[in-house]
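Report on one structure; see the data block that follows.
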Amino acid sequence: MHMAVLRGGLELPYVEQGDPEGVSVVLLHAWLDSRRYFDQLMARLPERIRAFAFDQRGHGDAAKPADGYGLRDFADDIGAFMDAVGLDAAVLVGASSGGYVAQRFAVDDPDRTRGLALLGCPRSLRGPRPRFADVVATLEDPIDAAFVRELNEGMVAREVPEAVTEVLCEENLKVPARVWRDAFEGLLAAEPPLDTGRISAPTLIVWGARDSLLPRADQEAMAAEIPGARLVIYRDVGHLPVIEAPERVAADLTALCDAVAPR
């Protein structure tokens, strides 16, 4: 594990693998998760892809500042992280709300976005609040481990190895209750990126047909709004394609990276 130090001294742990001359990929986990979310995916990526996964502010083993949990704060950290590790541009891979952050960055910094992979990602977080919102609003430390497990198990539509579920829960429990609330509300309050600008990067959209949180219509809307976007539907998968079908995500992501690789 390495440590990226951003402006203001914000410390974000990260892991890196692959050929330094290969296409660079930055993996962005969702609310409550960490770089460990991508363990299975990274193990399946070919050596020619240079992959980075970091803990976002407030999550995993990253610094947990008192504030700064809006959508633009997380998006700004992407550029600062890329500066810290020496990347001019990269393919951004966002899981769930990590893809919402990636969209914000892609709209604001198109020259640094070589490609975009949105994996179980919302088009908008405005509108009806998720079913667990009321519980999140009342959380106090320490977070109840049984609630965290129930939350994770409710996201998937197929069996996931117990060791993988345990890692997800352990990483969720590293997030303080105040960050659960502040990051959650920051995401819900943000203006949807596609309402504010255009995404021009080659884009892969992956959606599980058994996703209980995100409707298919929103995925089709994103695909229509992003020129040339490719929508891929995993029929037997829920909200967490990276966790439920890592081999297939690795193959689809590799195809995207090969398509944007310099000739």
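The values are calculated or read from the model by the stated rules, or taken from the named source; none is laboratory data. As the structure is a computational prediction, the values presented were derived from the model and not from experiment. Backbone-built Cβ (ideal geometry, glycine too); neighbour counts: all protein chains shown. Just the protein is used for accessible areas: all its heavy atoms, side chains included, with ligands, DNA and RNA removed. Shrake-Rupley method; radii C 1.70, N 1.55, O 1.52, S 1.80 Å.
Average the reciprocal distances over every distinct pair of alpha-carbons in the range 32-121, invert the result, and give the Kirkwood radius in Å. Please report the intermediate quantities before stating the final value.
Values: mean 1/r = 0.0737 Å⁻¹.
It is 13.6 Å.
Counting only helical runs of four or more DSSP H residues, what would the 222 nm mean residue ellipticity of the chain come to if each run contributes -39,500 (n - 2.57) and the total is spread over all its residues? Mind showing how you got there, number by number?
Numbers: 10 runs with 100 residues, N = 263.
Estimated from H runs of four or more residues: -11000 deg cm²/dmol.
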Ranking request for peptides 135-144, 78-87: highest mean number of other beta-carbon atoms within 10 Å first, then the rest in descending order. 78-87, 135-144
With no solvent and one equal point scatterer placed on each C-alpha of the range 126-173, evaluate the Debye formula and give log10 I(q)/I(0) for q = 0.15, 0.18, 0.20, 0.32 Å⁻¹, two decimals. -0.46, -0.64, -0.75, -1.25
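What FRET efficiency comes out for ALA209 versus GLU170 if R0 is 35 angstrom and r is the Cβ-Cβ distance? Round to the nearest 0.05.
Values: r = 29 Å, r/R0 = 0.83.
For R0 = 35 Å, the calculated efficiency reads 0.75.
Per residue, how much accessible area does the chain have with a 1.4 Å probe, in Å²? The partial results should precede the final answer.
Values: 10900 Å² over 263 residues.
So the chain comes to 41 Å² accessible per residue, rounded to a whole number.
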If amide H atoms are built 1.01 Å from N in the plane of the peptide, which residues on other chains or at least 5 residues away come under 5 Å of the amide H of LEU28? VAL93, GLY94, ALA95
Where a ≥ b ≥ c are root eigenvalues of the Cα gyration tensor, a/c under 1.5 meaning rounded, otherwise prolate if a/b exceeds b/c and oblate otherwise, the range 143-218 counts as oblate
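Rounded to the nearest 0.05, what FRET efficiency do GLU162 and ARG48 have when you use their Cβ-Cβ distance and R0 = 45 Å?
Using R0 = 45 Å, I get an efficiency of 0.90.
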Per-residue HN-Hα couplings for the range 136-147, Karplus 6.51 cos²θ - 1.76 cosθ + 1.60 at θ = phi - 60°, whole Hz, x for Gly and Pro? 4, 5, 10, 5, 9, 6, x, 5, 6, 5, 5, 5
Note, ³J(HN,Hα) from phi for the range 172-177, Karplus 6.51, -1.76, 1.60, rounded to Hz, x at Gly and Pro: 4, 6, 6, 8, x, 4
Using alpha-carbon pairs under 8 Å, 6+ residues apart, how would you state the relative contact order of the range 45-173 in percent? 18
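Could you work out how much longer the chain between THR196 and GLU140 gets when fully extended? Use 0.36 nm per residue separation minus the Cα distance between them, nm to one decimal. Show your work: numbers first, answer last.
Numbers: separation 56, 0.36 × 56 = 20.16 nm, distance 3.48 nm.
In short, 16.7 nm is gained.
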More than 33 Å apart: what percent of Cα pairs in the chain qualify? 11
I need the peptides 244-253, 17-26 ranked by packing, meaning the mean over residues of other C-beta atoms within 10 angstrom, with the highest value on top. 244-253, 17-26
If one computes the Cα centroid of the range 22-86 and of the range 104-177, what distance in Å separates the two points? 14
If you place +1 on the Cβ of every Lys and Arg and -1 on the Cβ of every Asp and Glu, how big does the dipole about the Cα centre of the range 48-166 come out, in debye to the nearest 20? 620
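Using a ≥ b ≥ c from the Cα gyration tensor of the range 55-102 (square roots of the eigenvalues), is it rounded, prolate or oblate, where a/c under 1.5 gives rounded and otherwise the larger of a/b and b/c decides, a/b for prolate?
oblate
As a test of the definition: which semi-axes, in Å, follow for the range 171-263 when you take the square root of five times each eigenvalue of its alpha carbon gyration tensor? Largest first, please. Mind dumping the intermediate values first?
Values: eigenvalues 126, 73, 47 Å².
Sorted largest first and rounded, they come to 25, 19, 15 Å.
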With no solvent and one point on each alpha carbon, what is the Debye value of log10 I(q)/I(0) for the range 210-263 at q = 0.14 Å⁻¹? -0.45
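Given a 1.4 angstrom probe, I'd like the percentage of the accessible area of the chain that is carbon and sulfur, rounded to a whole number.
Working: 5190 of 10900 Å².
Taking all protein chains in place, the chain shows 48 percent carbon and sulfur surface.
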Determine one quarter of the surface area of the Cα convex hull of the range 93-137, which equals its mean projected area, and express it in nm² to one decimal. 3.8
Cut-off 10 angstrom, C-alpha nodes, Gaussian network model of the chain. Which of ALA146, ALA190, ALA201 fluctuates the most? ALA146
